[in-house]
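Step one of this worksheet: look at the structure below.
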Amino acid sequence: MTAQFKTLDELDLSKKVVLLRADLNVPVADGKVSDATRIERLLPTIREIVKHDGKAVLLSHFGRPKGKVDPEFSLEQVCSAVADVTGHPVGFVATDWVDVSAAKAAIDEAPIGSVLVLENTRFHPGEEANDVELAKRMASLGDVYVNDAFSAAHRAHASTEALAHLLPAAAGLAMQGELEALEKGLGKPKKPVVAIVGGAKVSSKIDLLENLVTKVDGLVIGGGMANTFLFAQGHGVGKSLCEKDLADTARRIMDKADKANCAIILPVDAVVSWHFKANSPTRLYGVDAVDPDGMILDIGPSSIERINGAIDDAHTVIWNGPVGAFEMEPFDAGTVAIAKHVAKRTHDGHLISVAGGGDTVSALAHAGVKDALTYVSTAGGAFLEWMEGKPLPGVQALKK
């Protein structure tokens, strides 16, 4: 995949003003960044720019200001976190994106090797409209463009798509790493490939499932969405979360998988409770005998064994979504067991493992294995759209 796209080493960074599209849309509580993971992933690219006496000028959105200047969503509040991560003084450049002359002057006056953060790109309605005139004003501030925000690459916005066509452009080191990891996951993976897809609803992942059954050798379906598939097979699921109106869709996906020689792996047993709360009483049932008054909240030990067996046979695993209500004990057991097994197989050199999505990252952290997989994407929507096989505008714009 990366061979098709321009990379940082193909740009002349020497004494250049580098417009670096970052993702500084990080969680902030009481005026402080509570999770700096996305900032940390920018560090190698920022260091490379500074090493070449360039100026790293960061562009990013933050929150949803709806195209208006709103101090609540100012990026000034993340500058101290960027400074902490980079160990480098960080300047803030205010602009309303209508008149950028003051911003241009501030960037010109900054010494070489500076790191600067520009104001929220979404303070102007043209950002989300992918407005070329706004992109031209952005382009006037720099010499080259680097996109290091894969998490924003699924949006065709002025700072992610239009701007990339106006300056010499390339993927940053974090973006390059993400693309290389994803290529190993689905682009040109080492087979057999097993996908694990969980979460609450089939309706939010129809495109994902439709794409995966044509690309992978085995598809594990867990979480609430597995209940819809079990129902489609004629199993009673009690009072579990279940989209019964999508039974035909589930059957269509299973038929498509069968024709593509993709094995669908569903739970064979379930941990059932009668109350959706932590540490509520539970009982183990086979999926053909679930209590009509109960709720399936996790997979059982036979299902774990079956899924881990599929992982043992795989060379590549891609994962999006937990297989149970992992936020509450004891319904985290299935997700934790699978996560630890994936981590061990990865550590032992038997598996390439790629995971992504907010709940998935949280589940892996809960299991204590977030850093034990080959690659964990924090990209959220972009990761999901990549799994769905959709072109990502911010990546397409970097094509050679």
Item to check | Cβ-defined net charge surrounding V271, 13 Å radius [Lys, Arg +1; Asp, Glu -1] | outcome: -4
Checklist entry - At q = 0.13, 0.14, 0.20, 0.24 Å⁻¹, what log₁₀ I(q)/I(0) does a Debye calculation on the Cα points of the range 237-293 give, no solvent, two decimals? => result -0.47, -0.53, -0.87, -1.02
Checklist outcome for this item: For the range 251-400, the Cα gyration tensor yields equivalent-ellipsoid semi-axes (√(5λ), largest first, whole Å) of 29, 19, 17
Checklist entry - Which of the lysines could a cross-linker span from K68 if the Cα-Cα distance has to be under 26 Å and same-chain partners fewer than 8 positions apart are dropped? => result K32, K104, K136
Checklist entry - How big is D, in µm² s⁻¹, for the range 272-332 by Stokes-Einstein at 4 °C and 1.567 mPa s if Rh is the Kirkwood radius over C-alpha pairs? => result 100
Checklist entry - Just for the range 209-348, what percent of DSSP beta bridges are antiparallel, to the closest 5? => result 75
Checklist entry - Whole-Hz Karplus ³J(HN,Hα) for the range 143-160, in order, using 6.51 cos²θ - 1.76 cosθ + 1.60 and θ = phi - 60°, x for Gly and Pro? => result 9, 9, 10, 10, 9, 10, 10, 4, 5, 10, 6, 7, 10, 8, 10, 4, 7, 10
Checklist entry - Can you put L209, L167 in order of accessible area, largest first, using a 1.4 Å probe? => result L167, L209
Next on the checklist: Can you give me the % of accessible surface on the chain that is carbon or sulfur? Probe 1.4 Å, all protein chains present, nothing else counted.
Outcome noted: 50
Checklist entry - Working out 0.36 nm times the residue gap between E210 and E183, then minus their Cα-Cα distance, what length gain in nm do you get to one decimal? => result 7.8 nm
Next on the checklist: I want the antiparallel fraction of DSSP beta bridges within the chain, as a percent rounded to 5.
Outcome noted: 25
Checklist entry - Using +1 on the beta carbon of Lys and Arg, -1 on that of Asp and Glu, and nothing else charged, what's the dipole of the range 283-400 about the Cα centre, debye to 20? => result 680
Checklist entry - K239: which aspartates and glutamates have alpha carbons under 19 Å from its alpha carbon, excluding same-chain residues fewer than 8 sequence positions away? => result D269, D288, D291, D293, D298
Next on the checklist: Could you compute Rg(Cα) / (2.2 N^0.38 Å) for the range 327-398, with N its residue count?
Outcome noted: 1.24
Checklist outcome for this item: Everything considered on the Cα gyration tensor (a ≥ b ≥ c; rounded for a/c under 1.5, else prolate if a/b is larger than b/c, else oblate), the range 59-120 must be described as oblate
Item to check | Spin-label model distance (nm) - D70 vs E109, 7 Å beyond Cα toward Cβ | outcome: 3.1
Checklist outcome for this item: the chain: spread of alpha-carbon positions along the three principal axes, whole Å, largest first, is 72, 42, 37
Checklist entry - Using a Förster distance of 30 Å, how high is the FRET efficiency between E329 and K32, based on the Cβ-Cβ distance and rounded to 0.05? => result 0.55
Item to check | Count of Lys pairs (Cα-Cα under 29 Å; at least 8 positions apart or interchain) in the range 290-400 | outcome: 5
Checklist entry - Accessible area per residue, 1.4 Å probe, Å², for the chain: what's the number? => result 41
Checklist entry - What does the helix-only formula give at 222 nm for the chain: each DSSP H stretch with n ≥ 4 adding -39500 (n - 2.57), the total divided by the residues, and the result rounded to the nearest 500 deg cm²/dmol? => result -9000 deg cm²/dmol
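The values are calculated or read from the model by the stated rules, or taken from the named source; none is laboratory data. No experiment lies behind these values; they were computed from the predicted model shown. So basically every Cβ, Gly included, is an ideal-geometry build from the backbone, and we count neighbours across all protein chains shown. All accessible areas refer to the heavy atoms of the entire protein, side chains included, with ligands and DNA or RNA removed. Shrake-Rupley method; radii C 1.70, N 1.55, O 1.52, S 1.80 Å.
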